[in-house]
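Shown next, in C-alpha cells, is the structure this report addresses.
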Protein chains: 2
Amino acid sequence: MRMPDPDANTIARRARIARDLKRIVPGEGVIVDEDQLRAYECDGLSAYRQPPLIVVLPSTTEQVSKVLRYCHENGVRIVPRGAGTSLSGGALPLADAVTLGLGKFNRILDIDLENRCVVAQPGVTNLAVTHAVQDQGFYYAPDPSSQIACSIGGNVAENAGGVHCLKYGLTTNNLLGVELVLMTGEVIRLGGKHLDAGDYDLMGVVTGSEGLLGVITEVTVRILRAPETARAVLMGFPDSESAGDTVAAIIAEGIIPAGLEMMDKPAIHAAEDFVHADYPLDVEALLICELDGPDAEVAHLIERVEAIAKRNRVQTLRVSASDEERALFWAGRKAAFPAVGRISPDYYCMDGTIPRHALPTVLHRMTEMSRQYGLRVANVFHAGDGNLHPLILFDANTPDELERAERFGADILRLCVEVGGVLTGEHGVGVEKRDLMGEMFSEIDLAQQQRMKCAFDPGQFLNPGKVFPTLHRCAELGRMHISGGTVPFPDIPRF
Amino acid sequence: MRMPDPDANTIARRARIARDLKRIVPGEGVIVDEDQLRAYECDGLSAYRQPPLIVVLPSTTEQVSKVLRYCHENGVRIVPRGAGTSLSGGALPLADAVTLGLGKFNRILDIDLENRCVVAQPGVTNLAVTHAVQDQGFYYAPDPSSQIACSIGGNVAENAGGVHCLKYGLTTNNLLGVELVLMTGEVIRLGGKHLDAGDYDLMGVVTGSEGLLGVITEVTVRILRAPETARAVLMGFPDSESAGDTVAAIIAEGIIPAGLEMMDKPAIHAAEDFVHADYPLDVEALLICELDGPDAEVAHLIERVEAIAKRNRVQTLRVSASDEERALFWAGRKAAFPAVGRISPDYYCMDGTIPRHALPTVLHRMTEMSRQYGLRVANVFHAGDGNLHPLILFDANTPDELERAERFGADILRLCVEVGGVLTGEHGVGVEKRDLMGEMFSEIDLAQQQRMKCAFDPGQFLNPGKVFPTLHRCAELGRMHISGGTVPFPDIPRF
C-alpha cells in the first residue's frame, strides 16, 4: 500500500518550510525529494511507515537551536532521529512534521581517562565509543544488540540497555552529561564530568524521554576498565522453573553476572539450527551466565554458580575454556532474532520487565496464550534483570495474523504489569506501547508525566504521538494557574 | 538572640490551622507548644534557626495526603522533614509554614532477597536498612557520616552520598522506587522492584529534590552482598600534588576503590591528636584507599595501588592486616569533623565537587584564600569522586569571623564551578548555597529547573525559600501559554 500523494497545501507548506530551513542549514542539509524522504520512512519497528514532510540535517548545536526556534515560532512539529534503530517507533516520522536527523553529529570530542569519560556528539555509534578507548583497555558498558548501528544520542533518548546492563546498568547509569536544545532554541547543559549537579535531575528526565523534551547535541559517558577475564557458563534445564529458580538463587546470593540470559526450547532450536553453537537440544531452558573480573574472582564465582545450578536440577553444564568458546556460547543467543526469522515469515519482538520471582508464572501464562492465539512464541530474555523479549511468530500474509500477534503482544505486556513489572525494559514506549500506558499508569501518574512534558515543550511540538495515549493541552493540566501571584521570598532569620 | 514573640494574627492563624490538622492527624500528631516547637528550629546547618508555625506528625500516607491537600487548598506552606540532619538547611523551618515530620514512618515493610531490595518507610534510618539485612550477608551501600541518625527518606530528598559512593553510587544509583504524595494530595508511585519504568524518570527528579516536589512516604532500595574482604591502604605524601596524582592514576587505571579519601596536614594533625590513629605526622597529605571484594581480587588490587603510590613519591605506606587496623585507619577520618571542632571554636563545612585533575589547583588556591581571609582551613575529602569538604575554622564570638568564613566558603564554591565542578557533592543546596546557584546555572538553566518545580507544585507551597535564588511565578515562566489549543493526535498510517 502506498501513501496518497501529498495535496497542494502540503506541497506549498513543504516548500515554504524547506526554504526557511535552508537559510539555517545551507548546502545538502535539507531533504524534500520524495524518493530521498523514503529513506527515513521507518525505524526499527518496521510495521509502521510514514515519510516525513522534510528532513533537516544540521551539523552544529547553533543550527539545531535555530531550527527548533524556527519550528517553535512557526508551529512546525519536529521528530528527532538518531540512527533510526528504535524498536518501538520512537523515530517514526509524521506526515506533517520535520524529521531532524543527527547523522552529521558524528565526532568524538574528548577522551578523558583521568575522569574516565568520553565526550561524543550524539550521532556517534555506541560501538565507536568503545573503539575510541579500547586500545587503552577501556570500554563503554551498555551494549544494545544494535550497537554497531545505534547512536549514543539515541541510546540516551531511549535509555538503552543490553546484555551487560544487569551488572553495569542502563544508559542512565553510565551517563555523566548532556547538552540539550530546548524547543525554544535555548541550550542547556546538564551534568558534566562530575557527580550530582545539585539541582533537579533534569539529565535523568531527559534520559529515556524518547525525543519529547529536547534535542540532545552532546553526550558525556562514563567508561569502564575492560575486565581481566570473562568466562561463560552454559546450563541446560529440564524445565523453565528450574532455570528461573537458578536465576533467582544467583541473584539472591549477591552474585552479579556480567550477563545472565535465558532461552526457551523454540529459541534454542532455532538458534542451534542457524549457528551450530552446540547447544543441548534435549533441554527445555538454557541459561548463559557470564562472569567477569580478575581471574581469581571469576574462578570463585563460577564454582558458586555451578553449585547453585546443581541444587536446581541442572541437566547439562559447560564452562567456556577459551574466549572462542565463550563467543560460541553467545553466538546462538545473539543470533536468536535472525534465527527465529528463518523459521517464521515474520516475528514481533516484545519487551517487558517483571520481578525475577514471577518468571515461571509468566512463562506458564505465555504458553497458554500461545495456544489461545494459535501463534507460536520463542522466548529470549535478559533473565538476570527480568527483561523479557518474547518473539511472537506470525505470517503477515495470512489474514489477521499481524493483528492477532499484536493482541497477543499486548496481553503479554498486560501480564508483565499484572505481576508487578513494567511495559518496557529497554526498547521504550514510542508508538508501539503508547496505548498500553493506561495499563500501568493511573490518570494521576500520566497527568504528572505530562506536566513534565509541558515544562519542556508546552506547545507539544516535539515528537507528538509518541509515549502518551492521550495528550492534554498543557493549560488543561490546570494546576499551573492555581497560584495567585508571585511567592515572596521568606526571610530566614539568622543567629 | 531570641525571635520576637508571634503577633496576634500569627497566633490566631496557628490555632485555626492546628484545629484543622488535628482532625486529620488525631492524638499527639500536632505540635503547637512553643517550647516543643523549638526542638524543630534547626537542622544540621545550625547557624540558621527558626521555629516552625506548627509541626504535624502523620503516620500514614492517607494522613500525609490529607495534610497536603488541606495546605494546598488553604494556601499553607509546608516544609517536609526527615531526621533533620541536612547540612544545607534543607529542613529549616519557616515562621509561617507547617513542618511535616516523618518520624512516625519508621517501619521496614518488606525484605526481598530474591529481588535484592528492601522496602522501608521514609523515617527509617539509613543504618537500620543495613541492620535489617546484615544477618543474611547484605547491606545498603550509601553511607553518609550521619547514617546512624539520618532517615532513608531524607537520603532520597538530598541524594545523599558517603564514603562508599565512589564505587557504589549515590542514593540515586541505589534507589528502585518511591511513593510520593503531591501537593494536591494525589499519590503517585514511581519505579518499583524492577528496572526502568518506561516513562519520564520522575523518580530521578524526586531524588535530590530537597523537599520541593512532594513528600516521600515509601522507599524501595537496592541492597548489595557484603564483600568477602575489605582492606585499606594508608599512604602519606610529601605534597598534595603527589597525593592528587596518585588518586588520578588509580582511577585512570580503572581501579574503583570502595573508598578513596584524602586529608591535608591540618586535618591529619587534628584527627591524630583526637583519636590516635597512628597517622604519620611528617606528611603533607594522607590518602586512605579501601578495596573490597573477593580475597584474591583485593590482594591483586592492593599490589597495583602500592605500585601507583610508589611511582608518585609516596613517603609512608601501610596496608591494614586486620579489620581492627582497618577500622583504626578510618577512625581518624571519620572523627575529622569533631577533631577539628577541638582546635577551633567553630567550623563551617563546605561541600563542592571538582573534576579530579583539578585537585592540585584547587588546593593551591584554597591556601591563598586562607591567607587572604585570615582563616585556617582543614581539608577532608572524598578524593576519588572529587567531592571536597573544606572545613573553615573560625570563632563566632570574634566580630565578623562568621561573615568572613561565609565569604571564604562562597569563594571556594565559586572556584569549584570555575574549574568545571559543581556547588555540591552530597549536602544539597538548601538555604546554604541558594544564592550561589547563579554562579553555576544560567538564567535559562534556572528557568528550566523552575518549570519542573511548577509541574509539581505550581502554588510553590512546598519548602519555599530553598534551592532557587529567585522564584518566578509559574505563570511568568510563560511558555505554558503558547500552545493555542489541544494538540490533535496524529494519525500514523500502517502498512
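The values are calculated or read from the model by the stated rules, or taken from the named source; none is laboratory data. In this text, all values refer to a predicted model and were calculated from it rather than measured experimentally. Cβ atoms come from the backbone with ideal geometry, glycine included; neighbour counts cover every protein chain shown. For accessibility, only protein heavy atoms count, side chains too; no ligands or nucleic acids. Shrake-Rupley method; radii C 1.70, N 1.55, O 1.52, S 1.80 Å.
Some notes on this structure:
- From the list B:A339, B:A378, B:A331, the lone residue that is more than 14 Å from B:D264 (Cβ to Cβ), in the same structural domain as B:G244 (by TED's automatic domain parsing) and of a type in the set (A, V, I, L, M, F, W, C) is B:A331.
- Flag for A:R311 being surrounded by fewer than 17 Cβ atoms within 10 Å (Cβ to Cβ), closer than 20 Å to A:A383 by Cβ, in contact with a Leu (Cβ under 8 Å, 6 or more places away or on another chain) and not acidic (D, E): no
- Residues that are within 23 Å of the chain's Cα centre (by Cα), over 28 Å from B:A331 (Cα atoms) and within 11 Å of chain A (Cβ to nearest Cβ) number at least 3 in the following helices (runs of 4 or more DSSP H) confined to the stretch B:175-291: B:202-206.
- Pairs where the first residue, in the stretch B:441-452, is under 14 Å from A:V181 (Cα atoms) and the second is small (G, A, S) and part of a helix (DSSP H, G or I), C-beta under 8 Å, 6+ apart: B:Q448/A:A455
- Within the stretch B:16-59, tally of residues that are part of a loop (DSSP other than H, G, I, E, B), open to solvent by 40 Å² or more (accessible area, probe 1.4 Å) and closer than 25 Å to B:G89 by Cβ: 4
Conditions (1) at pLDDT 95 or above; (2) open to solvent by less than 20 Å² (accessible area, probe 1.4 Å); (3) touching a Pro at 6+ places or on another chain (Cβ under 8 Å), marked per residue:
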{"site": "A:N126", "(1), (2), (3)": "yes, yes, yes"}
{"site": "A:S146", "(1), (2), (3)": "no, no, no"}
{"site": "A:G154", "(1), (2), (3)": "yes, no, yes"}
{"site": "A:R189", "(1), (2), (3)": "no, no, no"}
{"site": "A:M203", "(1), (2), (3)": "no, no, no"}
{"site": "A:V206", "(1), (2), (3)": "yes, yes, no"}
{"site": "A:G211", "(1), (2), (3)": "yes, yes, yes"}
{"site": "A:V215", "(1), (2), (3)": "yes, yes, yes"}
{"site": "A:A232", "(1), (2), (3)": "yes, yes, no"}
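- Hits in the stretch A:111-121 - residues which are among the acidic types (D, E) and outside any strand (DSSP E or B): A:E114
- Residue within the stretch B:270-280 that is assigned by TED's automatic domain parsing to the domain that holds B:L393, in contact with a strand residue (DSSP E or B) (Cβ under 9 Å, 6 or more places away or on another chain), surrounded by fewer than 19 Cβ atoms within 10 Å (Cβ to Cβ) and more than 18 Å from B:L359 (Cα to Cα) present: yes
- Some residue of the stretch A:350-370 being in a loop (DSSP other than H, G, I, E, B), surrounded by fewer than 16 Cβ atoms within 10 Å (Cβ to Cβ), in the same structural domain as A:I288 (by TED's automatic domain parsing) and among the β-branched types (V, I, T): no
- From A:A18, A:A83, residue being touching a residue at least 24 places away in the same chain (Cβ under 8 Å) and under 21 Å from A:K466 (Cα atoms): A:A83
- Matching residues in the stretch B:156-174 - criterion: being more than 11 Å from chain A (Cβ to nearest Cβ), outside any loop (DSSP other than H, G, I, E, B) and open to solvent by 30 Å² or more (accessible area, probe 1.4 Å): B:K167, B:Y168
- Screening the candidates B:R13, B:R81 for the property of being open to solvent by less than 50 Å² (accessible area, probe 1.4 Å) and either in contact with a Pro (Cβ under 6 Å, 6 or more places away or on another chain) or of a type in the set (K, R) (or both) yields one hit, B:R81.
- Residue in the stretch B:262-281 that is of a type in the set (F, W, Y) and at pLDDT 95 or above present: yes
- Test: residue in the stretch A:98-110 that is in contact (Cβ under 8 Å) with a residue 40 or more places away in the chain, out of contact with any Gly (no Cβ under 7 Å at 6 or more places or on another chain) and in a loop (DSSP other than H, G, I, E, B): no
- Top-ranked residue in the stretch A:292-305 [being touching a residue at least 12 places away in the same chain (Cβ under 8 Å) and in contact with a Pro (Cβ under 7 Å, 6 or more places away or on another chain); ranked as nearest to the other protein chains (Cβ to nearest Cβ)]: A:G293
- B:I54 in contact (Cβ under 8 Å) with a residue 40 or more places away in the chain and within 24 Å of the chain's Cα centre (by Cα): no
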